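**Q** Below is the structure I would like to discuss, written out as structure tokens.
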Amino acid sequence: MSTVSYNVRPPGTREATHLSRGHSLVAARPFRAGELIATFADPLLALPDGPSMRTTCNYCLRVGSGPMGGPLLACAGCKAAVYCDAGCQRAHWKAVHKAECKMFARVRANAGRDWLPTPTRAVAQVLLLLKAGDKAARAAFGEGGTLEGNVEAFRRDEAVWGDYELQAMAAVVYGGLLESEEMLATARAVLCKIQTNAFNRLDPDTGMAGIFLDAGLAMINHSCVPNAFIGFDRRTAMLRAERNIAEGDEIEISYIDNMLPKSVRQEGLRLYHFQCECPRCKNDLDVYHVCATSPVIPLNTFSLRPDLSWLRDPSINRSKASSAVIETVYKTCNAPSLSDGGEAATKRRWKVCKALADARMWAVEPLPATLLQATTLCQQSEETWVYALPLSCFLATECDPFKFVAPFMPWRIKGVMMIAMLFSETARVTAAGELAKHCSHKKLVEILEKTDQVSVCEAMLRLVVHYAAIGASESWEVAAKAREMLDEVSKLEGRSKQSSVLAAWARNPGDAQAGALFHEVILQPIDELAALAVEIMDDELWSPGGKAVVKR
């Protein structure tokens, strides 16, 4: 991804060079699964996406409000960039905003808005820093700079290059820079380097978006079967081991969604200008193939999928869904007519996914994405919100453990958190004797009424807190919300005994008594709810004249 020099590599790693892969990072010592390999807290670029720059601190990238819950403060000069507090505002002014502040007056005058598309703003920031003589910007982006840009390869792609020329021109114009051919060439080269080396911070669940570029992080090569992953905590990127990494192993991450079909992954890697030769691509492995040989399967003894034999040998039928069928289903489901996320499109996507459902290959995309979209639609509806619970249980037991085998992976933690939040709601309406008013599905009501829903909610929250401490950070929004909800549960009357038992289970899940409690009180109702998901998708949500989505 980059040809950066040795001095930007993080501690605990060393640089190596491959004939075909260029520079890379290898582990200078062993790392355990979940262990933090390195943090990157001083990036060359860290900015929210264009539309979010009015709702995200432009320096620390906190989403929403200031640290005390107050409003974000707007820059007194441009009124466009906003900040948590004066400290963030001063830090951003010193880092880059002093150079770009006047730019937003030109944006407002010429475009009638307060923000720029993310790539355009990023390029403009770099150009202005280069003009100001910033040493870090020059070392990375200047002539002979350390970041690789693949300019000639981009130039050969006429459609992409035409778009890059427009973005580069916009950056030069709005940046108030001299519109010479030399400046435009520099802008195009900067944009190519950003495309090649920056990371997308997108996380729709937390509202996080934008780009992050660090020269050391850019050294890490890609694999569709990575041994590490990146998480973001505001202005900091964290590189963690996804599985055990031995000293001397190359550290690899995935630049794309590595769960997608092979041809889609190859298209996603096209703008990086290399051919992936990982085992997943060479042998066209699906998520079940990769999961079956994963060395982190044993970690799932403390998870919603504690049956390790099921992870190694699930009851799927590949004869009903070949690689070619999977590719066709994926491309059909992602056609423009089916990608709007609405009820009608989700219903049609579910029907298109029938071959995958018949093969019981629930973890193969686009089935999980379709189920997740249906879950979101349920949550937004006054009439069907309770159905989101069995669908979430299904995703957390039949999809996520195969896609993200390590239970500390953030995407999997968020699925468990969703179950906790839904049980919190169903427990409230059940306690009020109103569950039947919110759900007409008799079996679903029966399961919930016999379940200790508060205990299930608490168990899910303890799973989230436990694994968030391994796979994320203490300040991660999901972990903070889980701790807040746990505190609320602890204040409920008459729950001291149940809470103490669950706390003991979380401390020692290997204890036989704790395991029996988990299976009977927690796992059994989740499995029973998950067993309703396919029926709900087939019949309940899509009955004739299906229920309209009503915002709750």
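The values are calculated or read from the model by the stated rules, or taken from the named source; none is laboratory data. These numbers were taken from a predicted model, which means no experiment stands behind them. Here the Cβ is made from the backbone with ideal geometry for all residues, glycine too, and neighbour counts use every protein chain on show.
**Q** From the list 427, 436, exactly one residue is part of a helix (DSSP H, G or I), assigned by TED's automatic domain parsing to the domain that holds residue 467 and under 29 Å from residue 465 (Cβ atoms). Which is it?
**A** Sole residue among the options that is part of a helix (DSSP H, G or I), assigned by TED's automatic domain parsing to the domain that holds residue 467 and under 29 Å from residue 465 (Cβ atoms): 427.
**Q** Separate question: I'm trying to understand the selection: among the residues of the range 280-306, which are in contact (Cβ under 8 Å) with a residue 24 or more places away in the chain and part of a helix (DSSP H, G or I)?
**A** If the condition is that a residue be in contact (Cβ under 8 Å) with a residue 24 or more places away in the chain and part of a helix (DSSP H, G or I), then 280, 281, 287, 288, 290, 291, 297, 299, 300, 301 are the ones that fit.
**Q** Continuing with this model, one more query. If we scan the range 300-312, do we find a residue that is in contact with a Cys (Cβ under 7 Å, 6 or more places away or on another chain) and within 20 Å of residue 415 (Cβ to Cβ)?
**A** There is at least one residue in the range 300-312 that is in contact with a Cys (Cβ under 7 Å, 6 or more places away or on another chain) and within 20 Å of residue 415 (Cβ to Cβ).
**Q** Okay, next question. For residue 118, which of the numbered conditions (1) under 30 Å from residue 26 (Cα atoms); (2) buried (at least 20 other Cβ atoms within 10 Å of the Cβ); (3) under 24 Å from the mean Cα position of the chain (by Cα); (4) modelled with pLDDT under 95 fails to hold?
**A** Just one mismatch for residue 118, condition (1).
**Q** Consider residue 413 against the criteria (1) under 21 Å from residue 384 (Cβ atoms); (2) touching a residue at least 60 places away in the same chain (Cβ under 8 Å): it satisfies all of them except one. Which criterion is unmet?
**A** Going through the list (1) under 21 Å from residue 384 (Cβ atoms); (2) touching a residue at least 60 places away in the same chain (Cβ under 8 Å), residue 413 breaks only (1).
**Q** Quick check: anything in the range 101-115 in the same structural domain as residue 79 (by TED's automatic domain parsing) and in contact with a strand residue (DSSP E or B) (Cβ under 9 Å, 6 or more places away or on another chain)?
**A** No; the residues of the range 101-115 include none that is in the same structural domain as residue 79 (by TED's automatic domain parsing) and in contact with a strand residue (DSSP E or B) (Cβ under 9 Å, 6 or more places away or on another chain).
**Q** Going by the conditions given, is residue 246 of a type outside the set (Asp, Glu), surrounded by 21 or more Cβ atoms within 10 Å (Cβ to Cβ) and touching a residue at least 12 places away in the same chain (Cβ under 8 Å)?
**A** So residue 246 fails the test.
**Q** Right, another one. Among the numbered conditions (1) in a loop (DSSP other than H, G, I, E, B); (2) under 26 Å from residue 426 (Cβ atoms); (3) of a type in the set (A, V, I, L, M, F, W, C), tell me where residue 378 comes up short.
**A** Looking at each condition in turn, residue 378 falls short on (1).
Residue by residue, here is whether (1) part of a loop (DSSP other than H, G, I, E, B); (2) on the phi > 0 side of the Ramachandran plot; (3) out of contact with any Asp or Glu (no Cβ under 9 Å at 6 or more places or on another chain); (4) buried (at least 18 other Cβ atoms within 10 Å of the Cβ) holds:
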| residue | (1), (2), (3), (4) |
| --- | --- |
| 226 | yes, no, no, yes |
| 232 | no, no, no, yes |
| 237 | no, no, no, yes |
| 255 | yes, no, yes, yes |
| 259 | yes, no, no, yes |
| 267 | no, no, yes, no |
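**Q** Is it fair to say residue 176 is in the same structural domain as residue 110 (by TED's automatic domain parsing), part of a loop (DSSP other than H, G, I, E, B), closer than 28 Å to residue 23 by Cα and not acidic (Asp, Glu)?
**A** no
**Q** When you check residue 185 against the structure, is it part of a helix (DSSP H, G or I) and free of Cβ contacts under 8 Å to residues at least 24 places away in the same chain, yes or no?
**A** yes
**Q** Restricting to the range 307-330, what's the tally of residues that are assigned to a helix (DSSP H, G or I) and either closer than 30 Å to residue 35 by Cα or in contact (Cβ under 8 Å) with a residue 60 or more places away in the chain (or both)?
**A** Residues meeting the conditions: 9.
**Q** For the range 162-182, which residues satisfy the criterion of being in contact (Cβ under 8 Å) with a residue 60 or more places away in the chain, of a type in the set (Gly, Ala, Ser) and under 17 Å from residue 117 (Cβ atoms)?
**A** Scanning the range 162-182 gives a single hit, 175.
**Q** Of 362, 350, which residue is assigned to a helix (DSSP H, G or I) and of a type in the set (Phe, Trp, Tyr)?
**A** 350
**Q** I would also like to ask the following. Taking the options 56, 146, name whichever one is in the same structural domain as residue 191 (by TED's automatic domain parsing), of a type in the set (Ser, Thr, Tyr) and closer than 30 Å to residue 13 by Cα.
**A** Residue meeting the stated conditions: 146.
**Q** Of all residues being small (Gly, Ala, Ser) and farther than 26 Å from residue 357 by Cα in the range 421-454, which is modelled with the lowest pLDDT? Just the residue, please.
**A** 436
**Q** Whether any residue in the range 383-390 is small (Gly, Ala, Ser) and either farther than 21 Å from residue 304 by Cα or without any contact (Cβ under 8 Å) to a residue 40 or more places away in the chain (or both) is what I want to check.
**A** Scanning the range 383-390 turns up at least one residue that is small (Gly, Ala, Ser) and either farther than 21 Å from residue 304 by Cα or without any contact (Cβ under 8 Å) to a residue 40 or more places away in the chain (or both).
Okay, residues lined up against (1) under 21 Å from residue 205 (Cβ atoms); (2) in contact with an Asp or Glu (Cβ under 9 Å, 6 or more places away or on another chain); (3) surrounded by fewer than 16 Cβ atoms within 10 Å (Cβ to Cβ); (4) without any contact (Cβ under 8 Å) to a residue 40 or more places away in the chain:
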position	(1), (2), (3), (4)
451	no, yes, no, no
470	yes, yes, no, no
478	yes, yes, no, no
482	yes, no, no, no
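**Q** Pull up the range 23-77, narrow it to residues that are of a type in the set (Gly, Ala, Ser) and assigned to a strand (DSSP E or B), then point me to the one that is farthest from residue 251 (Cα to Cα).
**A** Only one residue fits best here, namely 74.
**Q** Looking at the range 495-530 only, could you name the residues that are outside any helix (DSSP H, G or I) and in contact (Cβ under 8 Å) with a residue 60 or more places away in the chain?
**A** Across the range 495-530, the qualifying residues are 509, 510.
**Q** Could I ask something else about it? Are any of the residues in the range 126-133 surrounded by 17 or more Cβ atoms within 10 Å (Cβ to Cβ), assigned by TED's automatic domain parsing to the domain that holds residue 51, under 29 Å from the mean Cα position of the chain (by Cα) and not in a loop (DSSP other than H, G, I, E, B)?
**A** yes
Condition check ((1) outside any helix (DSSP H, G or I); (2) surrounded by fewer than 20 Cβ atoms within 10 Å (Cβ to Cβ); (3) in contact (Cβ under 8 Å) with a residue 60 or more places away in the chain; (4) in contact with a Leu (Cβ under 6 Å, 6 or more places away or on another chain)) across all residues:
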| residue | (1), (2), (3), (4) |
| --- | --- |
| 96 | no, no, no, no |
| 106 | no, yes, yes, no |
| 123 | no, no, yes, yes |
| 138 | no, yes, no, no |
| 144 | yes, yes, no, no |
| 148 | yes, yes, yes, no |
| 160 | no, yes, yes, no |
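**Q** Here's a follow-up. Mind checking which residues of the range 322-342 are within 24 Å of the chain's Cα centre (by Cα) and surrounded by fewer than 19 Cβ atoms within 10 Å (Cβ to Cβ)?
**A** 327, 331, 332, 334, 335, 336, 339, 340, 341, 342
**Q** Residues 216, 210: which one is in contact (Cβ under 8 Å) with a residue 24 or more places away in the chain and on the phi > 0 side of the Ramachandran plot?
**A** Of the residues listed, the single one that is in contact (Cβ under 8 Å) with a residue 24 or more places away in the chain and on the phi > 0 side of the Ramachandran plot is 210.
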